[in-house]
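Below is one structure, written out as structure tokens; comments come after it.
The values are calculated or read from the model by the stated rules, or taken from the named source; none is laboratory data. Computed from a predicted structure; not experimentally measured. Glycine gets a Cβ as well: all are built from the backbone with ideal geometry, and neighbour counts include every protein chain shown. Quick note on the areas: whole protein, heavy atoms, side chains included, nothing else; ligands and nucleic acids left out. Shrake-Rupley method; radii C 1.70, N 1.55, O 1.52, S 1.80 Å.
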Amino acid sequence: MPVTLVSLDNENYVVDKEVAERSILIKNMLEDVGETDSPIPLPNVTSTVLKKVIEYCEHHRNDPIQVPDETDDPRKRSNDIEEWDMKFMQVDQEMLFEIILAANYLDIKPLLDVGCKTVANIIKGKTPEEIRKAFNIVNDFTPEEEAQIRKENEWAEDR
Amino acid sequence: MSSALELPEIAAHVGLYLSRRQLATLMQVCKTWNYSFAPLLYRACTIYGNQSKSLSLDTINKYASSIRDLSYEGCLDPSVFSPECSQLVSLTISGRLGRKTDRPLEISTLISQVIRNNSNNLKTFSLQNEPTLSSRGLWVALADCPNMSHIEVENLIILPEDMDVFWKACSMVETLSIVSTMVTLELNRPEEATPSARFPALQRLKIALSEDSTDETHFAILLNAPNLKSLDWRGKITTLFPIDRYRRMMSQRLLPKLQRLRMSSYQLSDQDIALSLDAMTDARELNMRFSIFSDKAYQSLMSRHATTIRVLIFNVANFPTSAMVQSILSSCFSLEILEARLISGTDLVRIGQVEQDGANGPETTENIFLGDDWVCLGLKSLTVNFEMTDNSNREELDDPIGVERLERQHKLEQVHVFRQLSRLTRLEKVNIRSMHKHSQSLDLRLESRGGGLDKLASLKRLEWFQFDWTAQELSREEIDWMLEHWPRLRIVIGTYHRDTEKDRGMQEYFGERLRLRNIEY
């Protein structure tokens, strides 16, 4: 059964219901509305991002729905991203963050996880200056302020 | 556009994958990120007393509103108990008094003040390692916390005159742990006509009382905790277990909600384990490391708890039998952790002979008996030695048919065990350590070299792989394969090769490759 999704810039995308329902937000909307052909507006998502999100949902359409494990290890790892997902996430930074925001808004947990793991992997092992370079961030701390923060957080260094 | 990280829920989600050190680094990047990640780093703080890099009082005060879990380790320093912390959910004191500091009462009073400042939110309290920190004021303060649900004490000396407030503080908790601490509690207070449940909310109890504690105290708690779900009862091997009282308690079903039972120091008989299992409903955990799990216990387990049991830990020679282990694996679909001595290849698959009436009289045909598939697809941890049919001395047999059958049996066993293991895709720990050096076990070589390792590619969550004393002839190829296919692999314990030189070389190779991979993360 097809569902029509409408992006912020009024582009229509027709997808299978099964694919659209990877988004819990859309799933709930469809349940509330019932059987209808009317398109679903997604005013928070532009067409370029929506296309990517749909691509992800199509590829993962048959994945089992993740049930949070009550004994899940809080020490989360980010080094277990599948190959397809890794390639999927090889986009420019702006798109990466747009995907994360869209996954958050649309409530697609696996995509949100992958997005955040990807960001975490960019951050890992870098110094503050390297992180600034990686994300085009201007340093608005004075050297004294930076030194003070470093001193304050010393206790967290070894752990 | 990294303004996405300014959204607290996104920052928090990314922060889940970062270590404390990385969170600290992020706080230096810019002011916005400092603001986003400070609550994540300071949510759980540890103060290592008297170390140069420890949290200062100023820093604690600055981030006090973010701190939820606070832990004091190392040397306890009075100056770092801050009145600003008022959002604590959990407080742990596992530090000790320094040699110079001789004022346990001062520190105890400071702890009491922290408890009082956080009275409304405090849920978890743990006091360990420093015997002199107990004081009346501390337990009174704790008893006033309306949401207190988890108390742990270890190595503490509680004075007899403070015992009543200690028990008052413990009376409404859900989780109680008393380890190496002498406590006394009378079974029946003489002034009470009908003893009321003293621990109505208690669900989880861990007791490892000191040697001076009497049995009376153990049972005074147990018989007054009707909602108990989980019991972890430890003692020294030398302590006599109050078996008669225990039997009475179990046969009278005085712990009707018990689902988890752990008695890892005592040795109970098969009969007593059966009695315990009979008294439990929908049991989830049985950890009787030194007890005799045999026919009666097995019967009780399978008839009452096969569908609900999640954790089974045994470790005694021959108990449970291989047939029992195979049966458990193929019936208990909720199983998550299993530790048993061994399982034989012949219980998984067996070439047998069947007598049938043929056209020319009775014939013997061959049949392959297959053990049932394992149903515990959620299994996370498996510790069992696979005792496979030994084909290593086939040259010594002089019966060609026998040799051929031995070879086939050996091969079938390997195929089937790997097949069963490959279906357990949630495995995080696999330990096939053998009891006898160089015994025949799973052939962990790659298929191209005669083994079955490739089949285990599906175990994507595997972190711990142990195979010591199983006769292997692995090479660097296998190590490379493991690191490639098991992204979460952290620990490998095993003898890669009989030849000690080769083995040492491979241990080093693995260590090096693992280090390189970890550097990336």
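Looking at the structure I just gave you, is B:S392 among the small types (G, A, S), open to solvent by 20 Å² or more (accessible area, probe 1.4 Å) and at pLDDT 95 or above?
Considered against the rule, which asks whether it is among the small types (G, A, S), open to solvent by 20 Å² or more (accessible area, probe 1.4 Å) and at pLDDT 95 or above, B:S392 comes out as no.
Looking at (1) in contact with a Leu (Cβ under 9 Å, 6 or more places away or on another chain); (2) surrounded by 19 or more Cβ atoms within 10 Å (Cβ to Cβ), which one does B:S441 not meet, given that it meets all the others?
If we test B:S441 against (1) in contact with a Leu (Cβ under 9 Å, 6 or more places away or on another chain); (2) surrounded by 19 or more Cβ atoms within 10 Å (Cβ to Cβ), just (1) comes out false.
Here is a list: B:P104, B:P39. Which entry is at pLDDT below 90 and touching a Ser or Thr at 6+ places or on another chain (Cβ under 7 Å)? Spell out how you get there, then give the answer.
Working: B:P39 fails: at pLDDT below 90.
B:P104 is the lone residue from the list that is at pLDDT below 90 and touching a Ser or Thr at 6+ places or on another chain (Cβ under 7 Å).
Pull up the stretch B:483-515, narrow it to residues that are of a type in the set (A, V, I, L, M) and away from chain A (no Cβ under 13 Å), then point me to the one that is surrounded by the most Cβ atoms within 10 Å (Cβ to Cβ). Show your work before the answer.
We begin by selecting, within the stretch B:483-515, every residue of a type in the set (A, V, I, L, M); these are B:483, B:489, B:491-493, B:506, B:514.
If we keep only those that are away from chain A (no Cβ under 13 Å) as well, we get B:491-493, B:506.
Working: B:I491: 11, B:V492: 20, B:I493: 12, B:M506: 22.
My answer is B:M506.
Could you list, in sequence order, all residues of the stretch B:14-47 that are farther than 17 Å from B:S90 by Cβ and of a type outside the set (A, V, I, L, M, F, W, C)? Can you show your working first?
Narrowing the stretch B:14-47 to residues farther than 17 Å from B:S90 by Cβ: B:14-19, B:21-38.
Correct list: B:G15, B:Y17, B:S19, B:R21, B:Q22, B:T25, B:Q28, B:K31, B:T32, B:N34, B:Y35, B:S36.
Exactly one condition in (1) touching a Leu at 6+ places or on another chain (Cβ under 7 Å); (2) under 11 Å from B:F418 (Cα atoms) is not met by B:A457; state its number.
All conditions pass for B:A457, except number (1).
Residue by residue through the stretch B:3-16, note down the ones that are at the interface with another protein chain (Cβ under 7 Å from one of its Cβ atoms) and open to solvent by less than 10 Å² (accessible area, probe 1.4 Å).
Selection gives B:A4, B:I10, B:V14.
Can you pull out every residue in the stretch B:328-352 that is open to solvent by 30 Å² or more (accessible area, probe 1.4 Å) and not in a loop (DSSP other than H, G, I, E, B)?
Within the stretch B:328-352, B:I337, B:E339, B:R341, B:L342, B:T346, B:D347, B:R350 qualify.
Any idea which of (1) within 7 Å of chain B (Cβ to nearest Cβ); (2) under 17 Å from A:V53 (Cα atoms); (3) not hydroxyl-bearing (S, T, Y) is the one A:R132 doesn't satisfy?
(2)
Among the residues of the stretch A:1-37, how many are in a loop (DSSP other than H, G, I, E, B), of a type in the set (S, T, Y) and touching a Lys or Arg at 6+ places or on another chain (Cβ under 9 Å)? Talk me through it step by step, then tell me what you get.
Within the stretch A:1-37, the subset in a loop (DSSP other than H, G, I, E, B) is A:1, A:7-11, A:21-23, A:34-37.
Going one step further and asking which of them are of a type in the set (S, T, Y), we end up with A:7, A:23, A:36.
Adding the requirement that they be touching a Lys or Arg at 6+ places or on another chain (Cβ under 9 Å) leaves A:7.
Selection size over the stretch A:1-37: 1.
Restricting to the stretch B:408-445, and then to whatever is of a type in the set (A, V, I, L, M, F, W, C) and assigned to a loop (DSSP other than H, G, I, E, B), can you tell me which residue is farthest from B:V325 (Cα to Cα)? Give the derivation first.
The first filter runs over the stretch B:408-445 and keeps only residues of a type in the set (A, V, I, L, M, F, W, C), leaving B:412, B:415, B:417-418, B:421, B:424, B:427, B:430, B:432, B:435, B:442, B:444.
Filter once more, so that each one left must be assigned to a loop (DSSP other than H, G, I, E, B): B:424, B:427, B:432, B:435, B:442, B:444.
On the way: B:L424: 16, B:L427: 17, B:I432: 14, B:M435: 17, B:L442: 17, B:L444: 22 Å.
Checked the stretch B:408-445; the qualifying residue farthest from B:V325 (Cα to Cα) is B:L444.
Among B:E355, B:E363, which is the only one that is touching a Pro at 6+ places or on another chain (Cβ under 9 Å) and either within 22 Å of B:Q409 (Cα to Cα) or open to solvent by 20 Å² or more (accessible area, probe 1.4 Å) (or both)? Reasoning before the result, please.
Numbers: B:E363 fails: touching a Pro at 6+ places or on another chain (Cβ under 9 Å).
Checking each option against the conditions leaves just B:E355.
Conditions tested, residue by residue: (1) open to solvent by less than 60 Å² (accessible area, probe 1.4 Å); (2) modelled with pLDDT of 90 or more; (3) within 19 Å of A:E94 (Cα to Cα); (4) more than 7 Å from chain B (Cβ to nearest Cβ).
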residue: A:D113; (1), (2), (3), (4): yes, yes, yes, yes
residue: A:T118; (1), (2), (3), (4): yes, yes, yes, yes
residue: A:A147; (1), (2), (3), (4): yes, yes, no, yes
residue: A:N153; (1), (2), (3), (4): yes, yes, no, no
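For B:R449, are the conditions met, namely being open to solvent by 30 Å² or more (accessible area, probe 1.4 Å), touching a Gly at 6+ places or on another chain (Cβ under 9 Å) and farther than 22 Å from B:R426 by Cα? Steps first, answer last, please.
Values: open to solvent by 30 Å² or more (accessible area, probe 1.4 Å): yes; touching a Gly at 6+ places or on another chain (Cβ under 9 Å): no; farther than 22 Å from B:R426 by Cα: yes.
So B:R449 fails the test.
Hey, among the residues in the stretch B:501-521 that are in a helix (DSSP H, G or I) and at pLDDT below 90, which one's nearest to B:S434 (Cα to Cα)?
It comes out as B:L514.
Listed here are the residues, each with its yes/no results for (1) closer than 23 Å to A:E146 by Cβ; (2) touching a Lys or Arg at 6+ places or on another chain (Cβ under 7 Å); (3) in contact (Cβ under 8 Å) with a residue 24 or more places away in the chain.
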{"position": "B:L5", "(1), (2), (3)": "yes, no, yes"}
{"position": "B:H13", "(1), (2), (3)": "no, no, no"}
{"position": "B:Q28", "(1), (2), (3)": "yes, yes, no"}
{"position": "B:F37", "(1), (2), (3)": "yes, no, yes"}
{"position": "B:R43", "(1), (2), (3)": "yes, yes, yes"}
{"position": "B:K53", "(1), (2), (3)": "yes, no, no"}
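Taking the stretch B:224-248 on its own, how many of its residues are surrounded by fewer than 18 Cβ atoms within 10 Å (Cβ to Cβ) and not in a loop (DSSP other than H, G, I, E, B)?
Of the residues in the stretch B:224-248, 5 are surrounded by fewer than 18 Cβ atoms within 10 Å (Cβ to Cβ) and not in a loop (DSSP other than H, G, I, E, B).
Give the stretch B:29-49 a look and list any residue that's open to solvent by 50 Å² or more (accessible area, probe 1.4 Å) and within 9 Å of chain A (Cβ to nearest Cβ), or say none.
B:K31, B:T32
Open to solvent by 80 Å² or more (accessible area, probe 1.4 Å) and within 14 Å of chain B (Cβ to nearest Cβ): is that true of A:E98 in this structure? Step through it out loud before you land on a result.
On the way: open to solvent by 80 Å² or more (accessible area, probe 1.4 Å): no; within 14 Å of chain B (Cβ to nearest Cβ): yes.
So A:E98 does not fit the description; no.
Residues to consider are B:R234, B:R253; find the one that is touching a helix residue (DSSP H, G or I) at 6+ places or on another chain (Cβ under 6 Å) and more than 25 Å from B:T321 (Cβ to Cβ). Write out each step before concluding.
Working: B:R234 fails: touching a helix residue (DSSP H, G or I) at 6+ places or on another chain (Cβ under 6 Å).
Of the residues listed, the single one that is touching a helix residue (DSSP H, G or I) at 6+ places or on another chain (Cβ under 6 Å) and more than 25 Å from B:T321 (Cβ to Cβ) is B:R253.
Based on this model, can you work out whether B:R96 counts as free of Cβ contacts under 8 Å to residues at least 40 places away in the same chain, surrounded by fewer than 18 Cβ atoms within 10 Å (Cβ to Cβ) and under 35 Å from the mean Cα position of the chain (by Cα)? Let's see the steps before the verdict.
Values: free of Cβ contacts under 8 Å to residues at least 40 places away in the same chain: yes; surrounded by fewer than 18 Cβ atoms within 10 Å (Cβ to Cβ): no; under 35 Å from the mean Cα position of the chain (by Cα): yes.
For B:R96, the condition - free of Cβ contacts under 8 Å to residues at least 40 places away in the same chain, surrounded by fewer than 18 Cβ atoms within 10 Å (Cβ to Cβ) and under 35 Å from the mean Cα position of the chain (by Cα) - is not met.
Which is charged (D, E, K, R), surrounded by fewer than 13 Cβ atoms within 10 Å (Cβ to Cβ) and under 16 Å from A:D107 (Cβ atoms), of A:E31, A:E35? Show your work before the answer.
Working: A:E35 fails: under 16 Å from A:D107 (Cβ atoms).
Among A:E31, A:E35, only A:E31 is charged (D, E, K, R), surrounded by fewer than 13 Cβ atoms within 10 Å (Cβ to Cβ) and under 16 Å from A:D107 (Cβ atoms).
Based on what the data block shows, is B:L88 at pLDDT 95 or above and in contact with a Lys or Arg (Cβ under 8 Å, 6 or more places away or on another chain)?
Values: at pLDDT 95 or above: yes; in contact with a Lys or Arg (Cβ under 8 Å, 6 or more places away or on another chain): yes.
In short, yes.
Please pick out the residue among B:S52, B:S66, B:S79, B:S90 that is farther than 21 Å from B:N34 by Cβ, surrounded by fewer than 17 Cβ atoms within 10 Å (Cβ to Cβ) and within 14 Å of chain A (Cβ to nearest Cβ).
Testing whether each residue is farther than 21 Å from B:N34 by Cβ, surrounded by fewer than 17 Cβ atoms within 10 Å (Cβ to Cβ) and within 14 Å of chain A (Cβ to nearest Cβ) leaves just B:S52.
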